[in-house]
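Since the structure comes first, as structure tokens, the remarks are kept for the end.
The values are calculated or read from the model by the stated rules, or taken from the named source; none is laboratory data. Just so it is clear, the structure is predicted and the values come from calculations on it, not from any experiment. We place every Cβ from the backbone using ideal geometry, glycine too, and count neighbours over all the protein chains shown.
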Amino acid sequence: MRLLRRTAGVAAGLTLVAVAGCTGGDGADAGNTDASASASTSAAPAAPTRTPTPTPKVSADPVSIPGLIERKHTGSDLRLGNVLARTDAYTRYAVTYEANGLTISGIMNIPEGKGPFPSLVLAHGYIDPDVYTTGRGLAREQDLLARNGYVVLHTDYRNHATSDNDPKNDVNLRLGYTEDVIGAVLALRSSTRPEIDGDRIGLLGRSMGGGVTYNTLVVAPGLVDAAVVFAPVSSRPAENIDQFQRPDDDPIVTEIEAAHGTPEENPKFWREVSPITYADRLSEPLLIHHGTADDTCPITWSRRTTAAFKAAGKDVQLKVYEGEGHTFGPRWPASMDTTMAFFAQHLR
């Protein structure tokens, strides 16, 4: 039942434009009019049949959440490469997979023992692509989750490590990372590897990867069973630009605003790239971890995001950690205990 529910949810989300674009006249009524006119020569002439003018299909801006919803997403060809490490609990591999036509690299930890095991896709936070190396970020989580019986697929994203390049990704607010995460889930599901249970998949994102997770959940409801985010960015990209890029005079801000306008000039664009605008599309349980001393991603962002999802009637929990900063220190083990209990509950 879980697979059927999830597949139906993804289909409903990603074929929305096809349903909305269906138009046409009522052929049955037109036929009845013709029959009435021929039934009696003394009847008044029938009014001419009017053919409704088709409503043009208006496609969403491809650089938007609706644009991602309209797109047919693909993910396949999961390939294991070199063994990067062997431990007593799991083997770590270099991997690649296909996502919407791009080859994306990453790492995969496969537990020892008899599968199939539930799987988790990990979405890392911001690391400068110029210094990034495959599998970097979320190292503690990769290790602990694999030791506890999860296949862990950590995506590098496009433009990172040996993944294919997408030169427009930064100007397009890095929405391509969302496609890469959706592709990772689909690649896991379509894999025939006996270690992977394609019917039990969750997401875990940190910082920027938390924003990628929000996007994934509203673009493709039903894609996964549950999601967890740590110290996530704002669910409003304009706030992230103001927090991280504008203070450093990052030239990409000028390019973004030249391409899409400022929030004042083009509020529709900025509303449509915000996952929280589509809070009603969330269908999976979501757990958010955030520390009160986080001066990178203020906890107010998670409080507002949680409130918006709850206002839409969604199953969202916010766990607050007094005194914890952005990277989580003393309370990290407790936060992971909560995370694993959450996944154990929902990836059954």
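Inspect all residues belonging to the stretch 209-223 and state whether any of them is hydroxyl-bearing (Ser, Thr, Tyr) and either more than 15 Å from residue 287 (Cα to Cα) or not in a helix (DSSP H, G or I) (or both). Spell out the reasoning first.
The initial filter retains those residues of the stretch 209-223 that are hydroxyl-bearing (Ser, Thr, Tyr), namely 213-214, 216.
After this cut, where a residue has to be either more than 15 Å from residue 287 (Cα to Cα) or not in a helix (DSSP H, G or I) (or both) as well, the list is none.
No, there is no match, as no residue in the stretch 209-223 is hydroxyl-bearing (Ser, Thr, Tyr) and either more than 15 Å from residue 287 (Cα to Cα) or not in a helix (DSSP H, G or I) (or both).
Could you please find all residues in the stretch 149-161 being surrounded by 22 or more Cβ atoms within 10 Å (Cβ to Cβ) and of a type outside the set (Ser, Thr, Tyr)? Before you say what the answer is, go through the steps one by one.
Narrowing the stretch 149-161 to residues surrounded by 22 or more Cβ atoms within 10 Å (Cβ to Cβ): 150-158, 160.
151, 152, 153, 154, 156, 158, 160, listed by residue number.
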Just a yes or no: is a residue in the stretch 157-166 at positive phi and touching a helix residue (DSSP H, G or I) at 6+ places or on another chain (Cβ under 6 Å)?
yes
If I ask for residues that are within 15 Å of residue 291 (Cα to Cα) and assigned to a strand (DSSP E or B), which ones from the stretch 303-329 would you list?
317, 318, 319, 320, 321
With the checklist (1) out of contact with any helix residue (DSSP H, G or I) (no Cβ under 9 Å at 6 or more places or on another chain); (2) over 23 Å from residue 214 (Cβ atoms); (3) acidic (Asp, Glu) in hand, flag the one item residue 128 doesn't pass.
(2)
All positions within the stretch 274-332 that are touching a His at 6+ places or on another chain (Cβ under 9 Å) and on the phi > 0 side of the Ramachandran plot:
328
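May I ask you to verify whether residue 199 is in a strand (DSSP E or B), touching a residue at least 24 places away in the same chain (Cβ under 8 Å) and more than 17 Å from the chain's Cα centre (by Cα)? It would help to see each step written out before you state the result.
On the way: in a strand (DSSP E or B): yes; touching a residue at least 24 places away in the same chain (Cβ under 8 Å): yes; more than 17 Å from the chain's Cα centre (by Cα): yes.
It is true that residue 199 is in a strand (DSSP E or B), touching a residue at least 24 places away in the same chain (Cβ under 8 Å) and more than 17 Å from the chain's Cα centre (by Cα).
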Residue in the stretch 122-137 that is in a helix (DSSP H, G or I) and crowded, with 21+ Cβ neighbours inside 10 Å present:
no
Pick out the one residue from 50, 86, 71 that is over 29 Å from the mean Cα position of the chain (by Cα), modelled with pLDDT of 95 or more and either under 30 Å from residue 171 (Cβ atoms) or of a type outside the set (Phe, Trp, Tyr) (or both).
86
Restricting attention to the stretch 160-196, report how many residues are within 14 Å of the chain's Cα centre (by Cα), over 18 Å from residue 94 (Cα atoms) and of a type in the set (Val, Ile, Thr).
2
I need every pair where a residue in the stretch 274-286 that is in the same structural domain as residue 240 (by TED's automatic domain parsing) and among the hydroxyl-bearing types (Ser, Thr, Tyr) has its Cβ under 9 Å from the Cβ of a residue that is modelled with pLDDT under 95 and in a helix (DSSP H, G or I), sequence separation at least 6 or different chains.
283/5; 283/6; 283/9; 283/13
Across the stretch 277-293, what is the total count of residues that are surrounded by 20 or more Cβ atoms within 10 Å (Cβ to Cβ) and over 19 Å from the mean Cα position of the chain (by Cα)?
2
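Table: residues versus (1) free of Cβ contacts under 8 Å to residues at least 24 places away in the same chain; (2) of a type in the set (Lys, Arg).
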residue	(1), (2)
107	no, no
117	no, no
155	no, no
158	no, yes
164	no, no
167	yes, no
172	no, no
177	no, no
181	no, no
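Here is a yes/no grid of residues against (1) buried (at least 21 other Cβ atoms within 10 Å of the Cβ); (2) basic (Lys, Arg); (3) in contact with a helix residue (DSSP H, G or I) (Cβ under 7 Å, 6 or more places away or on another chain); (4) on the phi < 0 side of the Ramachandran plot:
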site	(1), (2), (3), (4)
217	yes, no, no, yes
220	yes, no, yes, yes
223	yes, no, yes, yes
227	yes, no, yes, yes
233	yes, no, yes, yes
244	no, no, no, yes
247	no, no, no, yes
258	no, no, no, yes
265	no, no, no, yes
For the stretch 295-324, which residues satisfy the criterion of being without any contact (Cβ under 8 Å) to a residue 24 or more places away in the chain, among the β-branched types (Val, Ile, Thr) and closer than 24 Å to residue 337 by Cβ?
299, 306
For the stretch 204-224, pairs from a residue that is within 20 Å of residue 344 (Cβ to Cβ) to a residue that is in a helix (DSSP H, G or I) and of a type in the set (A, V, I, L, M, F, W, C), with Cβ under 7 Å and 6 or more apart or across chains, are 205/212; 223/10; 223/182; 223/185; 224/185
Going by what's in this entry, would residue 146 be described as part of a helix (DSSP H, G or I), crowded, with 17+ Cβ neighbours inside 10 Å and within 14 Å of the chain's Cα centre (by Cα)?
no
Can you confirm whether residue 229 is assigned to a strand (DSSP E or B) and in contact (Cβ under 8 Å) with a residue 40 or more places away in the chain?
yes
